[in-house]
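Asks: Sharing a structure below in structure tokens format, with a few things to ask.
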Amino acid sequence: MLKLAILLYFVRLCNSSKILVVFPVPEKRHGILSDSLVKALLEEGHELTYVTKFPQKTKVHNLKYVDISSNIEYDSEDYWPKPENTANNSLHMENLGLKYAQRALLHPNMQELMMNTTCSFDLIIAEWFYSGLLAPLSPLYECPLIWYSSTDVSWKSIGLVSSEVNTFSLYNPGLTIIERIHNIWTQLNRIVLNYYHISSKELPAYEKSFRDAFNNRERELPNYETVVHNSSLLFINSHAYLDQISGLPTNAKYIGGHHMEEVAQPLPKNLKKIMDECKDGVIYVDLETRLFSQHLQEFIMQELIEAFGQIKQTVIWKYDEILVNLPKNLYTMKKPPQQSILSHANTVALVSHADMVSIIEAAHYGVPVIGIPVMEDQIANMDSVIEKKWGVKIDFNNKLSWKILDAIDIIESDKSFLAKAAAAQSILRYRLTSPRKEFQHWIQMIINTRGAPHLRSSNPTVSTLEKYNIDIILLLIMLLWFFSKVIKVFKVHFNNNSDDLDKKDL
């Protein structure tokens, strides 16, 4: 037995690779996801360098932290857009993603790593959060790059690994002509803004963040667009059932649910007693409290407390601050065990902003969702839930508390929501293998094949102009302008000929 253990140890040691994992977003949910990936990689015996704002104090074998917390402050005013500015969500998120990526890259600890010419890696796993600024780490260390998207699939994230994605096809079917025209116009605006964002903001940030590191290796900065779209694989924290497009390129893989516990942890005794005794069920509320402190006045918070006090269900509310004079059926917790609560048989609904972590957990345990989306990705998540009919969507406004009560009544009275949530649970759990195992498989594939070129798009490195068909659009506009001028010339010529004929007749 001892010999077998020693043999397995050396086999794992032989398969061990040096991997750089970079997650720049200073948000706890992102930390949960990245910690899960790191744990899965450590299980396979890899040697990791982990760039994060949330380093653990406990030392772990084969794990080295690059702590960037001292330079990246979580600014909720930056992270959460104002509800009235949802139209500018896309540009807001691109600016925010660039900001977080650049802060991480310019952190002294990260710069020390980048300037170290003796340091090498076999693979880089970088979080894509609306910016490609982390991509040049791949040519810097001359190794393959894998993107990880914490949100659902979008034309931006798919565009990282495939040039063949149709930018205008990532929308729900069944729309009217007017709605489709509006979507195309909206997408055109986004493409133009995205092109402006890359040329005016990302390129200068790229040069500032990487020039010294490349100069230190006596190498020129590579073309930015080529680097960004030269990744080997895209991991998506979602599931085919939860997205709104059909089909993925061969180098994009769903691994949503990789952070899920195989068996939910037991509830604390006091919380278990509360939930076990709830005959009318439990409503679990997980709303971003930082958003409330910005955009909801104190009286609206009081309205929410009073509204929860009017329902017969017990409410467990994740809330960071201490609240007093609460109704008997309302309990607040700073760090509730969310998966354990959702797994309880008496949990009847989740009230959330519809981030993908919460959506996946609710689906995994068959719990209907009452979604109050604010961010662009949250809105898309709830649209998918509404399409599958296992949740209710609420607009973020001053009538929030009463709309939540109405949504609770709808879910309680219409049992189809619970049935649809159970169907979602069945689909998400019916897999050939676990998301964690699939993640480990593809990691090893990329390492063994040095980037898995056989999975890539035939021409992934086209320019932005070609990628978004901007050159064709400009050509069509020029042709329309040209033909309009030709038509005018013909009209003037025809009118002159008509006048000459009239004079001859006279």
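Asks: Report yes if some residue within the stretch 43-59 is part of a helix (DSSP H, G or I) and under 23 Å from ASP152 (Cβ atoms); otherwise report no.
Replies: Looking through the stretch 43-59, none of the residues is part of a helix (DSSP H, G or I) and under 23 Å from ASP152 (Cβ atoms).
Asks: Could you please let me know if LEU113 is assigned to a loop (DSSP other than H, G, I, E, B) and either surrounded by fewer than 18 Cβ atoms within 10 Å (Cβ to Cβ) or at pLDDT 90 or above (or both)?
Replies: Numbers: assigned to a loop (DSSP other than H, G, I, E, B): no; either surrounded by fewer than 18 Cβ atoms within 10 Å (Cβ to Cβ) or at pLDDT 90 or above (or both): yes.
Here the answer is no, as LEU113 does not meet what is asked.
Asks: The conditions are (1) under 17 Å from the mean Cα position of the chain (by Cα); (2) outside any loop (DSSP other than H, G, I, E, B); (3) surrounded by 18 or more Cβ atoms within 10 Å (Cβ to Cβ), and TYR241 fails exactly one of them. Which is it?
Replies: For TYR241, the exception is condition (3).
Asks: Do the conditions hold for ASP320, that is, is it crowded, with 21+ Cβ neighbours inside 10 Å, out of contact with any Gly (no Cβ under 6 Å at 6 or more places or on another chain) and either among the charged types (D, E, K, R) or in the same structural domain as GLY31 (by TED's automatic domain parsing) (or both)?
Replies: Numbers: crowded, with 21+ Cβ neighbours inside 10 Å: no; out of contact with any Gly (no Cβ under 6 Å at 6 or more places or on another chain): yes; either among the charged types (D, E, K, R) or in the same structural domain as GLY31 (by TED's automatic domain parsing) (or both): yes.
No; evaluated as a whole, the condition is false for this residue.
Asks: Among ASN230, ASN215, which is assigned by TED's automatic domain parsing to the domain that holds TYR130, at pLDDT 70 or above and touching a strand residue (DSSP E or B) at 6+ places or on another chain (Cβ under 8 Å)?
Replies: After ruling out the rest, the residue left standing is ASN230.
Asks: State yes or no: is SER434 within 30 Å of ILE124 (Cα to Cα) and among the small types (Gly, Ala, Ser)?
Replies: Numbers: within 30 Å of ILE124 (Cα to Cα): yes; among the small types (Gly, Ala, Ser): yes.
The answer is yes for SER434.
Asks: Given the structure, is SER401 more than 24 Å from the chain's Cα centre (by Cα), of a type in the set (Gly, Ala, Ser) and at pLDDT 80 or above?
Replies: So SER401 passes the test.
Asks: Something else about it: Only one of ILE404, ILE446 is more than 30 Å from ILE146 (Cβ to Cβ) and touching a residue at least 12 places away in the same chain (Cβ under 8 Å); which?
Replies: Details: ILE446 fails: more than 30 Å from ILE146 (Cβ to Cβ).
Result: ILE404 is the single residue among ILE404, ILE446 that is more than 30 Å from ILE146 (Cβ to Cβ) and touching a residue at least 12 places away in the same chain (Cβ under 8 Å).
Asks: Across the stretch 83-95, which residue is nearest to PHE121 (Cα to Cα) among those that are at pLDDT 55 or above and of a type outside the set (S, T, N, Q)? Break it down stepwise before answering.
Replies: From the stretch 83-95, those at pLDDT 55 or above are 88-95; that's our starting set.
Among the residues that remain, those that are also of a type outside the set (S, T, N, Q) are: 91-94.
Details: LEU91: 33, HIS92: 33, MET93: 30, GLU94: 28 Å.
In this case the residue turns out to be GLU94.
Asks: Hey, can you tell me all the residues within the stretch 358-378 that are of a type in the set (A, V, I, L, M) and in contact with a Gly (Cβ under 9 Å, 6 or more places away or on another chain)? Write out each step before concluding.
Replies: Initial filter on the stretch 358-378 (of a type in the set (A, V, I, L, M)): 359-360, 362-363, 367, 369-370, 372, 374-375.
Across the stretch 358-378, the qualifying residues are ILE359, ILE360, ALA362, ALA363, VAL369, ILE370.
Asks: Collect the residues in the stretch 45-63 that are under 18 Å from GLU127 (Cα atoms) and in contact with a Lys or Arg (Cβ under 6 Å, 6 or more places away or on another chain), keeping them in residue-number order.
Replies: Within the stretch 45-63, just THR49 meets the criteria.
Asks: Continuing with the same structure: Looking at the structure I just gave you, is SER69 at pLDDT 65 or above, out of contact with any Gly (no Cβ under 7 Å at 6 or more places or on another chain), surrounded by fewer than 16 Cβ atoms within 10 Å (Cβ to Cβ) and farther than 22 Å from SER434 by Cβ? Even if it seems obvious, please write down each step before you answer.
Replies: Numbers: at pLDDT 65 or above: yes; out of contact with any Gly (no Cβ under 7 Å at 6 or more places or on another chain): yes; surrounded by fewer than 16 Cβ atoms within 10 Å (Cβ to Cβ): yes; farther than 22 Å from SER434 by Cβ: yes.
Yes; evaluated as a whole, the condition is true for this residue.
The values are calculated or read from the model by the stated rules, or taken from the named source; none is laboratory data. Nothing here was measured: the structure is a model prediction, and the numbers come from that model. Counting neighbours? That spans all protein chains shown, and the Cβs are built from the backbone with ideal geometry, glycine included.
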